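Taking it in order: structure first as structure tokens, then the write-up.
The values are calculated or read from the model by the stated rules, or taken from the named source; none is laboratory data. As the structure is a computational prediction, the values presented were derived from the model and not from experiment. Heads up, the Cβs are rebuilt from the backbone with ideal geometry, glycines too, and the neighbour counts pull from every protein chain shown.
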Amino acid sequence: MTMKIGLIGTGRLGICFALLLEKAGYKVLAADARRDYIEGLQNKKITTAEPGVDVLLENSKNIEFTTNNERVILESDVIFTLVATPSLEDGSYDVSNVEDVVSDFMRLGWKTTGPNGSGLTGKSLVVGCTTNPGDCEQFQRRLIDDGVDVYYNPEFIAQGSIVKDLQNADMVLIGGNGHHVPVLEDIYQKIQMGYKDPSIHFMSTKAAELTKIAVNCFLTTKISYANMIGQVLSKSGLDDEIDTVLRSIGADSRVGQKYMGFGFGFGGPCFPRDNRAFASYAQKIGVEHNIGTTTDNFNDAHAKFMVEYFIKKNATHRPFCFKYLTYKPDTDILTESQQYRLCVDLLDKGYKVYCIDDQQKESLDDRIIFTPAPTENVCWIDL
């Protein structure tokens, strides 16, 4: 009998994960609160900037969509949740949406309790969205009487390449030690489908929560370090040798070439949030000299440096031209985009600004001139 996998939270990441589960041979029941969105999925219609999702949806045969979380919990053996966990002012994550899912389990546990215990006994809740270290321990304490195991199993993806990233994971974190651990291993081996053989790491839920944000904090630190070296070289009159120096540093196997380029600071919906969450947690437990906070402050200062850097390159006061304004190429996401921040700063300083890519045009500064090819001599924003 094929195991049925449930999913609560079928957003940008959730729909990709659900469809890859279906492609891997599982029966999938996926829920989302947005009725119009679910009706579209039921009719195999979706609007998304994620490559490959439309084809996966069109070819799917063993996936159902619903707005009913309780149905997902009752009819599934393993239930993933990929609901939104927005950042709070102190940098930590607001996990109220996950708590709502836990409350759904508790309510059903009470409804289904009989002589043999809870009707949920043996089920597992797998938290895939980013949470604060210790949150899943609290969820487990709330569900232990219902016989539900809680795992933490985050995804390491970039928006704009979610399907590809899920199929080519370097590593998988499985926090928790319940009876469905072998099932979680099997799920990721099947999703990879020979694309890659990820290393799977087992640990407590709290350690996995900390690992998730620590990985991204390390990457933001490496990005900031490379940009700091670039600033030092630029201020030393060595702009033309920035790439040469950074490649040389990255050639040392202890350092590596990834994320060792000079350019814009980190942005998007993941790196800044995870970096601040790591800094917030470290501060709460009394860690001094917090690298997460230092990195975040440097990233902000680097955005200001880039304004002067490009103005210096544009001695003749030509208009500037961006290839894109999103936080990285080939995506529609503007969240904490350093490119867009630079664009607005240049506009505020009186420069004319062109942009080639008109994604999100309606939500951008109306002073920007969108064109596939500028008709005048411009200074390209290119690194």
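Suppose the filter is within 17 Å of the chain's Cα centre (by Cα) and not in a loop (DSSP other than H, G, I, E, B); does residue 210 pass it? Walk me through how you get there before you give the answer.
Numbers: within 17 Å of the chain's Cα centre (by Cα): yes; not in a loop (DSSP other than H, G, I, E, B): yes.
Yes; evaluated as a whole, the condition is true for this residue.
Take the residues in segment 1-21 that are under 15 Å from residue 75 (Cβ atoms) and surrounded by fewer than 21 Cβ atoms within 10 Å (Cβ to Cβ), then tell me which one is nearest to the chain's Cα centre (by Cα). Break it down stepwise before answering.
Keep residues of segment 1-21 that are under 15 Å from residue 75 (Cβ atoms), which gives 1-8, 18, 21.
Subset that is surrounded by fewer than 21 Cβ atoms within 10 Å (Cβ to Cβ): 1-4.
Working: 1: 33, 2: 30, 3: 27, 4: 26 Å.
In this case the residue turns out to be 4.
Which of (1) under 27 Å from residue 132 (Cα atoms); (2) surrounded by 18 or more Cβ atoms within 10 Å (Cβ to Cβ) does residue 192 not meet, given it meets every other one?
(1)
Let's see how each residue does on (1) within 18 Å of the chain's Cα centre (by Cα); (2) closer than 30 Å to residue 359 by Cα; (3) not aliphatic (A, V, I, L, M):
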{"site": "124", "(1), (2), (3)": "no, no, yes"}
{"site": "128", "(1), (2), (3)": "yes, yes, yes"}
{"site": "131", "(1), (2), (3)": "yes, no, yes"}
{"site": "138", "(1), (2), (3)": "no, no, yes"}
{"site": "147", "(1), (2), (3)": "no, no, yes"}
{"site": "154", "(1), (2), (3)": "yes, yes, yes"}
{"site": "158", "(1), (2), (3)": "yes, yes, no"}
{"site": "162", "(1), (2), (3)": "yes, yes, no"}
{"site": "166", "(1), (2), (3)": "yes, yes, no"}
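Can you tell which of 19, 41, 56 is more than 23 Å from residue 178 (Cα to Cα) and without any contact (Cβ under 8 Å) to a residue 40 or more places away in the chain? Steps first, please.
Numbers: 19 fails: without any contact (Cβ under 8 Å) to a residue 40 or more places away in the chain; 56 fails: without any contact (Cβ under 8 Å) to a residue 40 or more places away in the chain.
Being more than 23 Å from residue 178 (Cα to Cα) and without any contact (Cβ under 8 Å) to a residue 40 or more places away in the chain holds for just one of 19, 41, 56, which is 41.
This table checks each residue for (1) of a type in the set (Gly, Ala, Ser); (2) modelled with pLDDT under 95; (3) over 25 Å from residue 131 (Cβ atoms).
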{"residue": "244", "(1), (2), (3)": "no, no, yes"}
{"residue": "263", "(1), (2), (3)": "yes, no, yes"}
{"residue": "291", "(1), (2), (3)": "no, yes, no"}
{"residue": "306", "(1), (2), (3)": "no, no, yes"}
{"residue": "310", "(1), (2), (3)": "no, no, yes"}
{"residue": "314", "(1), (2), (3)": "no, no, yes"}
{"residue": "320", "(1), (2), (3)": "no, no, yes"}
{"residue": "331", "(1), (2), (3)": "no, yes, no"}
{"residue": "351", "(1), (2), (3)": "no, no, yes"}
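Condition test on residue 274, is it out of contact with any helix residue (DSSP H, G or I) (no Cβ under 9 Å at 6 or more places or on another chain) and either crowded, with 18+ Cβ neighbours inside 10 Å or at pLDDT below 95 (or both)? If you could, list the steps in order and put the result at the bottom.
Values: out of contact with any helix residue (DSSP H, G or I) (no Cβ under 9 Å at 6 or more places or on another chain): no; either crowded, with 18+ Cβ neighbours inside 10 Å or at pLDDT below 95 (or both): yes.
Here the answer is no, as residue 274 does not meet what is asked.
Which condition breaks for residue 82 when tested against (1) closer than 30 Å to residue 296 by Cα; (2) of a type outside the set (D, E, K, R); (3) out of contact with any Leu (no Cβ under 7 Å at 6 or more places or on another chain)?
Failed condition: (3).
Return yes or no: is residue 215 over 22 Å from residue 341 (Cα atoms) and under 22 Å from the mean Cα position of the chain (by Cα)?
Values: over 22 Å from residue 341 (Cα atoms): yes; under 22 Å from the mean Cα position of the chain (by Cα): yes.
It is true that residue 215 is over 22 Å from residue 341 (Cα atoms) and under 22 Å from the mean Cα position of the chain (by Cα).
Among the listed residues 271, 262, 266, 310, identify the single one that is within 27 Å of residue 332 (Cβ to Cβ), in contact with a strand residue (DSSP E or B) (Cβ under 8 Å, 6 or more places away or on another chain) and either hydrophobic (A, V, I, L, M, F, W, C) or not assigned by TED's automatic domain parsing to the domain that holds residue 210 (or both).
Values: 271 fails: in contact with a strand residue (DSSP E or B) (Cβ under 8 Å, 6 or more places away or on another chain); 262 fails: in contact with a strand residue (DSSP E or B) (Cβ under 8 Å, 6 or more places away or on another chain); 266 fails: in contact with a strand residue (DSSP E or B) (Cβ under 8 Å, 6 or more places away or on another chain).
Unique residue meeting the criteria: 310.
Hey, among the residues in segment 105-126 that are touching an Asp or Glu at 6+ places or on another chain (Cβ under 8 Å) and touching a residue at least 40 places away in the same chain (Cβ under 8 Å), which one's surrounded by the most Cβ atoms within 10 Å (Cβ to Cβ)?
Checking each candidate, the answer is 125.
Name every residue in segment 280-294 that is not polar (S, T, N, Q) and not in a helix (DSSP H, G or I), in order of residue number.
Kept after step one, since they are not polar (S, T, N, Q), are these residues of segment 280-294: 281-282, 284-289, 291-292.
Matches in segment 280-294: 285, 286, 287, 288, 289.
Please determine, by comparing only the residues of segment 182-207 that are in contact with a Phe, Trp or Tyr (Cβ under 7 Å, 6 or more places away or on another chain) and assigned to a helix (DSSP H, G or I), which one is modelled with the lowest pLDDT.
So, considering only residues that are in contact with a Phe, Trp or Tyr (Cβ under 7 Å, 6 or more places away or on another chain) and assigned to a helix (DSSP H, G or I), the one modelled with the lowest pLDDT is 184.
Does residue 39 satisfy the criteria of being exposed (fewer than 14 other Cβ atoms within 10 Å of the Cβ) and under 30 Å from residue 276 (Cβ atoms)?
Working: exposed (fewer than 14 other Cβ atoms within 10 Å of the Cβ): yes; under 30 Å from residue 276 (Cβ atoms): no.
In short, no.
Determine if segment 212-231 includes at least one residue that is touching a Pro at 6+ places or on another chain (Cβ under 7 Å) and modelled with pLDDT of 95 or more. I'd like the intermediate steps shown before the answer.
First, pick out the residues of segment 212-231 that are touching a Pro at 6+ places or on another chain (Cβ under 7 Å): 212.
After this cut, where a residue has to be modelled with pLDDT of 95 or more as well, the list is 212.
Yes; the residues of segment 212-231 include at least one that is touching a Pro at 6+ places or on another chain (Cβ under 7 Å) and modelled with pLDDT of 95 or more.
Checking the conditions here, which among 77, 94 is charged (D, E, K, R), in contact with a strand residue (DSSP E or B) (Cβ under 8 Å, 6 or more places away or on another chain) and closer than 30 Å to residue 217 by Cβ? Lay out the reasoning, then the answer.
Values: 77 fails: closer than 30 Å to residue 217 by Cβ.
Just a single option satisfies the conditions, and that option is 94.
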